[in-house]
Every structure is written in C-alpha cells, then in structure tokens.
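S.K.: Structure provided below as structure tokens; questions to follow.
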Amino acid sequence: MSLLSYIGDLVGVSAPSPIEMIFISCAVLGTVFFLIMMGIMLIGDIIGGVVDTAFDTDFSMDSDLSFELFSLQGIAAGVMMFGYVGMYVTTSTDQEVLAVLAGGLAAAGSLYGVKMMMKGITGLQADGTMVVSNAIGQRGQVYSRIRPGESGEVQVAFEGSLRTMAARAKDKSVHLPTGDFIKVVDVIGSTLIVEELNEEE
Amino acid sequence: MLDDSGDDLFDGFWPFMKRVLLIFLPIWVFLLGMSAGAPTIVSSVLAGSSIAVVVYIEKLKLKQAMAANDDAESLIK
C-alpha cells in the first residue's frame, strides 16, 4: 500500500481520483509544514530566550527572517486550505472543477489573510526618530544655567519622554538660572530657543 | 544592483505575491483544465499562458503608479 493510499484510507477516501490525491497531499503536507513552521517559531523564541539568559548574548530573529517565516507560513496555510476546501467540495458536490476553483479561492484568501496580518504587524512598528520641532510650545525647566548670549541645557518633556537638550535664550541679554521654568519658542538645528515662562502661563 | 520598480506595488507586498503567483497560478490553472476534462496539451498551454497574466498585471500597476506620480508632480502648488 502506497503512502497516499494509506493517507486516503486514513481520511476515509477509498480509491481516490488524481485530483483527490492532490487535495489530500496538499492538506496533509500543508498541515505538517504549517505546524513545523509554527513549532520553529515558538521553539526558536524559547531557544533564543534560553541562549540570551545563559550566555548573555543577543540571539533573536531579525525582521527579515521573521518576514520570510511569515511568508512561508502564508504559503503553507494556502496549500493547506487548498487541500481541505478542495477535498470538502469534492466530497460534498462531487464536482472536481468546482473543488479546484473553491480550493484556489481559499488559498488566495489565506494568503490575503497573511498579507493583512503582515500589514498589521508593520503598522505596530514605531519610528523612533526624534523630531526636535515637536518641542516648540512645550514647557520645561533650566537644567544647566543659560548665560546671556551663551548656551545652556534645559529639560523638556515631548514625544512622550523627558529630554535634556541644548538651549539658548531668545533674548540674548537674559540670564536664566538653573531651575527656572521656560517655554520653547523655536528650534535651530538641535538647539532649543527658549524664553522664561510668564506668571500667566 | 538595479532596483526593481515593482517592489513598491501593493504596499511593498508584490515581490512576495509575484513569486507565489508565478509558482502556484500555473499549477492551479492546469488543475482547473484537467478537472474540466480539457486535453493535457490545452491545460498545459493555458497554465503557461497564466504566467503572462502575472507579468501583465505588474506592468499595468506600474503604469498606473507612474501616471499617478506624474499627476502629483504636475500639480501646481
């Protein structure tokens, strides 16, 4: 008894036609491949964590590799769905053309699902680039005094974190001692232009 | 290395889609032909021709993207 006949008997199909053989093969191989890929992903993460802890190294899947894995998983899911849906339609309608058509649509649907998942994952990535101009209008405190016409340092909270930035007073004759409250009015390069915070503000 | 302008199509997903389609579309078309009772030679020719559809779609989307780009550049701001 060949492997395919054995699998055919296992899923309750006796003397399968060539198309049914293809559906069964796709379903079985796709499922096995899909499970292996899932296993590799999960075990890979666990092994990565163990190696990180034991040897204090940075062993992890980079984005390219995880993208490849997701792509392969998409193909595996597509092949698997082609097999399952094709087999289901064949047994229920006994029309092979319809089965191949439905299987193809199911495979396309699986791939589309993976695409949407990838789009969602990409959307989760945040651009960590600091845009200094976002500091304009923010209030903060002088960290290192700003002498007249010279630079000092201020602490300003923007983009969700407290940052210490180089700063100059807008009025060159003003001296801003440490601890004074300030407001950012402009940005030149990475230097903030600040002025003392008024009582009303 | 030359840039493939088709890489940005479909939100950058085209390279992946293209490879999958080039492999599986002919197989699917062949199976469709065979299950419909078409002769093997006809199914084979149809399967081979289906590759042209993938290339045509790429060209069409590239043309649309280039036209949209031209429109954006000729816009008076």
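S.K.: Going by the structure shown, is A:PHE82 within 13 Å of another protein chain (Cβ to nearest Cβ), modelled with pLDDT under 75 and surrounded by 14 or more Cβ atoms within 10 Å (Cβ to Cβ)? If you could, list the steps in order and put the result at the bottom.
M.R.: Values: within 13 Å of another protein chain (Cβ to nearest Cβ): yes; modelled with pLDDT under 75: no; surrounded by 14 or more Cβ atoms within 10 Å (Cβ to Cβ): yes.
No.
S.K.: I would also like to ask the following. Among the residues of the stretch A:163-186, is any exposed (fewer than 12 other Cβ atoms within 10 Å of the Cβ), out of contact with any Lys or Arg (no Cβ under 8 Å at 6 or more places or on another chain) and not charged (D, E, K, R)?
M.R.: Taking every residue of the stretch A:163-186 in turn, at least one turns out to be exposed (fewer than 12 other Cβ atoms within 10 Å of the Cβ), out of contact with any Lys or Arg (no Cβ under 8 Å at 6 or more places or on another chain) and not charged (D, E, K, R).
S.K.: Given A:ALA167, A:ALA107, A:ALA99, which one is in the same structural domain as A:ILE24 (by TED's automatic domain parsing), of a type in the set (Gly, Ala, Ser) and in contact with a Ser or Thr (Cβ under 8 Å, 6 or more places away or on another chain)? Even if it seems obvious, please write down each step before you answer.
M.R.: Working: A:ALA167 fails: in the same structural domain as A:ILE24 (by TED's automatic domain parsing); A:ALA107 fails: in contact with a Ser or Thr (Cβ under 8 Å, 6 or more places away or on another chain).
Exactly one residue qualifies, and that residue is A:ALA99.
S.K.: Here's another thing I want to ask about it. Just to be sure I understand the filter: pairs with C-beta atoms under 6 Å, separated by 6 or more residues or on different chains, first member in the stretch A:131-143 and among the hydrophobic types (A, V, I, L, M, F, W, C), second member part of a loop (DSSP other than H, G, I, E, B) and crowded, with 16+ Cβ neighbours inside 10 Å. Which pairs pass?
M.R.: The qualifying pairs are A:VAL142/A:ASP180.
S.K.: Something else about it: Is there a residue being within 11 Å of chain B (Cβ to nearest Cβ), charged (D, E, K, R), assigned to a helix (DSSP H, G or I) and without any contact (Cβ under 8 Å) to a residue 12 or more places away in the chain anywhere in the stretch A:101-119?
M.R.: So far as the stretch A:101-119 goes, yes, one or more of its residues are within 11 Å of chain B (Cβ to nearest Cβ), charged (D, E, K, R), assigned to a helix (DSSP H, G or I) and without any contact (Cβ under 8 Å) to a residue 12 or more places away in the chain.
Residue-wise test of (1) away from chain A (no Cβ under 12 Å); (2) at negative phi; (3) surrounded by 15 or more Cβ atoms within 10 Å (Cβ to Cβ); (4) among the basic types (Lys, Arg).
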residue	(1), (2), (3), (4)
B:GLY6	yes, yes, yes, no
B:MET17	no, yes, yes, no
B:LEU22	yes, yes, no, no
B:ILE41	yes, yes, no, no
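The values are calculated or read from the model by the stated rules, or taken from the named source; none is laboratory data. As the structure is a computational prediction, the values presented were derived from the model and not from experiment. Positions of Cβ are backbone-derived with ideal geometry, glycine not excepted, and every protein chain shown enters the neighbour counts.
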